[in-house]
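Data block below; observations after.
The values are calculated or read from the model by the stated rules, or taken from the named source; none is laboratory data. Note that the structure is predicted; figures quoted are calculated from it, not measured. In this analysis, Cβ positions are derived from the backbone assuming ideal geometry, glycine residues included, and neighbour counts consider all displayed protein chains. Heads up: the accessible areas ignore ligands, DNA and RNA and are worked out on the full protein's heavy atoms, side chains in. Shrake-Rupley method; radii C 1.70, N 1.55, O 1.52, S 1.80 Å.
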Amino acid sequence: MLDERDAAGPGRGWPTGVPDTTPPIRAAGGVVWRPADDPGPAPGGVDAERAPRGGVLVCLVHRPRYGDWSLPKGKLERGEHPLLAAVREVAEEADARAVPQVRLPTVRYRSEGRPKVVDYWSMRAVATGGFQPATEVDDVRWLGVDEAIRLVSYPHDAEVLAAFAALPTVTGTVAVVRHAHAGKRATWSGPDTGRPLDARGWAQAHALAPLVALVRPVRLLSASARRCVQTLDPAAALLDLPIEVDGDLDEPRPGQQPDECALAAAARLAALAATGEAAGVCSQGKVIPGALARLSGRPDDFTTPKGGGWLLAFTGDRLLAVDRL
């Protein structure tokens, strides 16, 4: 059987002989980490004498079926979002509850005669729990990054770990979403700020809730429009948090310049991240692209569809990475 041992590294494409039209197997996982001097959650074995001082420990899992050491990962369930799958698989294989932070290189290789795509994120371990005895894992180790790179069985895992090691420390995460579908403005007779979500919008809001919850926010902030507040309602119920209405996240008022709103929203997001506590934010389509462009300093396309969003990772008040949800 062809398995991960036949893998190609990130960006190298599929191995010769595998048709590009073959539907790939989708999987997701993470580089799970914690500070080396943090006595907090670290399931599995840790050699305290070999742990790097001031550094971090990362998690590897052993699969007896293959006799290998690899990053925790697993296949997506039907209809599952890759980020949800990554966090779930880390819990099931590594017994670690983790908060996703930065998207890492995507790996492509051949498995069981089919192409396979694995998305990875860096994740900070914040608790234990979730281990599934039925998984293929029989051992978990927490190691310094250099030691983990030497131990992993596949070059692509070493490349993902190296990409993680090159990142500055993430100190804050913010999930930013655009309000969900709310029908057409022309069909709403009241003030536009009062336009509510329609049935499609409520379905989108419920789908967004578990994604927002992944960052474990301690605050939820919304633009003033009713449809923005309603978009966060399912997340608020899931997390048992109030929704704070914040005018800095609003679209331009009559006579107000779009750049003013983008600047205000960018400053609000940076201030939230600088506290070191995660947050969930809902804003509007004329605000989010400009705010992210200012924070990133890049002219990228940050157009956000209704019910879409972004995972932002900061170091201090500086935006480090933007990952489209």
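Which of the residues that make up region 160-183 are surrounded by fewer than 18 Cβ atoms within 10 Å (Cβ to Cβ) and in contact with a Pro (Cβ under 7 Å, 6 or more places away or on another chain)?
Residue satisfying the conditions is ALA163 alone.
Within the set of pairs 6 or more residues apart or between chains, which connect a residue that is under 17 Å from TRP33 (Cα atoms) inside region 53-74 to a residue that is open to solvent by 10 Å² or more (accessible area, probe 1.4 Å) and of a type in the set (Lys, Arg) with Cβ atoms less than 7 Å apart?
VAL56/ARG34; LEU57/ARG34; LEU60/ARG141; SER70/ARG63
Which one is least open to solvent (accessible area, probe 1.4 Å), of the residues in region 278-325 that are acidic (Asp, Glu) and more than 19 Å from TRP121 (Cα to Cα)?
Looking at the filtered set, the residue picked out is ASP300.
Which residue is nearest to ALA236 (Cα to Cα), if the candidates are limited to region 195-212 and must be in a helix (DSSP H, G or I) and open to solvent by less than 20 Å² (accessible area, probe 1.4 Å)?
ALA209
Within region 242-299, how many residues are free of Cβ contacts under 8 Å to residues at least 60 places away in the same chain, touching a helix residue (DSSP H, G or I) at 6+ places or on another chain (Cβ under 9 Å) and in a strand (DSSP E or B)?
Selection size over region 242-299: 2.
Just checking, does region 88-111 include any residue being in contact (Cβ under 8 Å) with a residue 24 or more places away in the chain, aromatic (Phe, Trp, Tyr), out of contact with any Leu (no Cβ under 7 Å at 6 or more places or on another chain) and outside any helix (DSSP H, G or I)?
Yes: one or more hits.
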